[in-house]
1. At q = 0.05, 0.06, 0.09 Å⁻¹, what is the base-10 log of I(q)/I(0) for the protein assembly as shown according to the Debye formula with one equal point scatterer per Cα and no solvent? Please give it to two decimals.
2. Can you give me the accessible area per residue for segment C:3-294, using a 1.4 Å probe, in Å²?
3. Please compute the contact order of segment A:68-308 in relative form: average sequence separation of alpha-carbon pairs under 8 Å and at least six residues apart, divided by the residue count, as a percent.
4. Projected onto the charge dipole of chain A (+1 at Lys/Arg Cβ, -1 at Asp/Glu Cβ, origin at the Cα centre), which of A:Ala266, A:Ala115, A:Tyr41 gives the Cα projection farthest towards the positive end?
5. Describe numerically, in nm with one decimal, the distance between label points set 7 Å from Cα along Cα→Cβ at A:Leu38 and at A:Val120.
6. From other protein chains only, count the Cβ atoms within 10 Å of every residue's Cβ in B:190-199, then give the mean.
7. Within a 10 angstrom radius of each residue's Cβ in A:295-304, how many Cβ atoms of other chains show up on average? Whole number is fine.
8. If you take every DSSP beta bridge fully contained in chain B, what fraction is antiparallel? Give it as a percent rounded to 5.
Amino acid sequence: MPLLRLERRREPSRAMQYATPLLAVALTVMAGTVVFGLMGYDGLGAVRQIFVAPLADPQRWPELLVKASPLVLIAIGLSIGFRANVWNIGGEGQYLAGAVAGTAVALATWTREGAWILPVMGLAGILGGMAWAAIPAFLRTRFGVSEILTSLMLTYVAVQGLFFLVRGPWRDPDGFNFPQTRMFNAAQTLPAVSEGSLVHLGIPIAVLVACLAWIVLERTIAGYEVKVVGLAPAAARHGGFSERRTIWLTLLAGGGLAGLAGILEAAGPFGQLTPQFPAGYGYTAIVVAFLGRLHPVGILLAGLVLAVTYVGGELAQTAIGLPQAATGMFQAMLLFFLLATDVLIRFRIVPVRVARARAAA
Amino acid sequence: MASIITRRTLLAGAAGAAALPLAGPGASAQAPLGIGFIYVGPTGDYGWTHAHDVGRKAIEAEFGPKVKTSFVENVAEGPDAERVLRQLASGGNKLIFATSFGFMNPTVRVARALPNTWFEHATGYQRAANVATYNARFYEGRAVCGTIAGHMSKTGTAGYIASFPIPEVVMGISAFTLAARKINPNFKTKVLWVSTWYDPAKEADAAKALIDQGCDILTQHTDSPAPLQAAEQRGLFGFGQASDMKTYAPKAQLTSIVDDWAPYYIRRTKMALDGTWKSTDTWDGLKEGAVRMAPYGDAVPENVRREADLVKDQIIAGTLHPLTGPIKDQKGELRVKDGETMSDEALSKMDWYPEGVQS
Amino acid sequence: MTSALLVSFAMTLAMAATPILLASLGELVAEKAGVLNLGVEGMMLIGAVTGFAAATLTGSAYLGCLAAILGGLAASLVFAGLTLGLSSNQVATGLALTIFGVGASSLIGAPFVGKTVARIGPLFPAALAEHPLLRVVFGYDLLVYGALALAAAVGWFLKHTRPGLILRAVGESDTSAHSIGYSVLAVRTAAVAFGGGMAGLAGAYFSLELTPMWADRLTAGRGWIALALVVFASWRPGRLVAGAYLFGAVMTLELHAKAAGFGLLPPEILAMLPYLATIAVLTLISVRPGRVSAAAPACLGKSFSPA
């Protein structure tokens, strides 16, 4: 006979929304210490390397920002849909579509210089991502096809499409048959915010987007509409909000931001398209969106937390020989705990006796 | 993954001029020399990365407490590599090995910012005062395999499972086929492009398809032992890749091209310890032990062993170059004149196949 | 094609189809109960490594298969505990399960890299499979037949048994199934566990039959294809068999055609086809919503909490 049971809260707990991510991190740290310890590693040392070392060293900070910025951009876009119960899990595909569209501009203009090229590439990236997201939006609104499945399937199509382009028509003609495009020229490459810095223009853009998203979601009718459609679809219909419009808007927003992230990554840290470009950021961004509680500011922090675990995982490999696979397990644990503690937002844990008494009352 | 490009001779002169021994702190007797490795795959891949990790362990075994090695595995080629390289350098590693072609641009960029750290980039062509490059002449091993295949194939057709048509793969196919056609002038090599470095199930299915198309001997330029396992199952023969794969196919493996990075890694570590390290361009082969042949399988008859050994010895002695003319291409056009050998520069750009290759 | 070639082609095809069929059968049952588990790839890897480890330690490939089922099942119970016990988001939990599976299998497998194991091997005595035409029928290992038998069993179970009916009811309308008095969570847990066991077994087919070895990420993304296949088959076991064999045929044919000297399509375009076909099928069944069983289970991917 269980001593505790879950009792649904009347309203989601605001306090728990803030507390549970911290609780998840704390549980991950504890579990990580024990698990790595059992595996014969210095458990506490591993946790310190993964979670603390990257933050303790200011040299690592720009790297954290570079790693976090695409995750944040994609996650914000996806979270808008998740708020409205639109399950776009094809962020990776939209990210790639954006990179491909922007690269198409870069390859068409590679002999040219000019300040106009980069904005055009960015625009192409956004449109590319939107176009890729428009397919699930169309199929959902027109035929009622689940966007979960179509957006996921389209990701594979996008990955193969990118492979086809970089191995075939877009292969660098001077590149000895290596499957990659030519390097972008100076006018096509994202500038750093200050000379010699690793921090490129994509990082302030990600922060700006997070602020804009916050304002739009919290302070505008459109943001309110998204929330209502997600929380109470029936009420939304009564209020004259169109579910159809919401689906289109949220998918286009998600696709556009993922596409922007794609071209920023291609024109920034990569400087070209290669078969290694699809790195699963679109999937990780789903994790980031949940870790950030679908809130733009939360996502900003969550993106940094994920970046810390990546960078920290690399440090742990060199410092104590912790295999990369262990970092993967660590990230999975973090997510498991986060999802597990999620329940506290909607439910409270009460002793069974109390619950019975309340039910009787 | 195991990607290789070489344009060494184009740049060797310029880089050589710039390559002076670096005045660095070197390694004192007390503090061990930090040596970092960055891997593109997992050390458990039993292929390309595994071979480099064996080399890393050889350094540890050779120098003991005088060195301290560490590695970061599964690093994506791109921005992640740049970050890891910087971390390795700031983490006290004086000598850093970047073990995949795709690490080239990141390595060069990081090296520019950190002139007091020595970088070694495998299979690339960009050098600097503190960036050396190194590679292995795997095609020499391919010629030995081709010799054996020419003797032992009854159908006169070999199956070649290949990843991508980059020069490294192209020269391997060519060396293999040319060596086999010296024994059997009608020898053919069927190349099957699988567009992946690693997908065991697909590699195995490709092997079966090649066998069904009349190939009775298999070789591969992908990373897993799966094709060899398929040959074993069908009672046919094949060659291992990157390491001795005899445990996977005790009957089928005739020999294997073993990547042995240990001699180079030990040599360079010694230079770093002595303070004589400088930027060089190294392309070692059978002679230097960077490429080794695994012991012949039981199925290889005595006379074939002698022939294969002869080819190996001649390559080591420098009297035989696997890509020596006359070489005609697939259209029958003479590409390398009688008696001429392909230069390293021509090899490193090779994008055509000799007669007998079906791709 | 000569007859020998045809025989070999058919056999390669059947063996390529088998692991995908096994994994997708498991996922089909879970989805029929309304649970979308995107962690198939992770569960397959865990099955592949536990199966290989058990087979090397015990010397028996069949015990390896059993261990693989248990390994996949254990991984799926983590998923079940989170999504059903704590009603966490299924998409995010499934992705986490895949990250977990990749990491865990690599750690468990580290001591087994470079080891070998005997294949599961043909089920019937060699004498029976001597003639090529008989070999097409009798030349396989247990799992090839097992997967087909399981597909038939799952089809029969879902359509003709009471528990099968309950399972579908839970997937179509959890609230009404609950109000009639069925335990939605118990049914879903069982369905997810079945899916995990099947994914584990599918993984073992790689490490114990197709390529008897362990190396990191051995299944190379087949789990995602299995996921697509369930949708492609519009949640019907019969079509799942056809779909898995069609997929195997296309992949095998591509290699055979290229080995024979002519390419069908660029490999990347060919690799897109299963997913494009899946989207097309999804759209078609949604355009003509004929029988209910042809469409996605209504509760697919949605959390249910009884309180």
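1. With no solvent term, the Cα-only Debye profile gives -0.31, -0.45, -1.04.
2. Details: 9920 Å² over 292 residues.
Ligands and nucleic acids excluded, the result is 34 Å² per residue.
3. 41 percent
4. Of the candidates, A:Tyr41 comes out farthest on the positive side.
5. Label at A:Leu38, label at A:Val120, 5.9 nm between them.
6. Numbers: counts 4, 3, 6, 4, 4, 10, 3, 0, 5, 7.
Per residue, the average neighbour count from other chains is 5.
7. Partner Cβ neighbours, averaged per residue: 0.
8. Values: 8 of 51 bridges.
Here the antiparallel bridges make up roughly 15 percent for chain B.
The values are calculated or read from the model by the stated rules, or taken from the named source; none is laboratory data. Computed from a prediction, not measured in an experiment: that's the story for all the values here. A quick note on method: Cβ atoms are made from the backbone with ideal geometry, for glycine too, and the neighbour counts reach across all protein chains shown. Accessible surface is based on the protein model in full, side chains and every heavy atom, while ligands, DNA and RNA are left aside. Shrake-Rupley method; radii C 1.70, N 1.55, O 1.52, S 1.80 Å.
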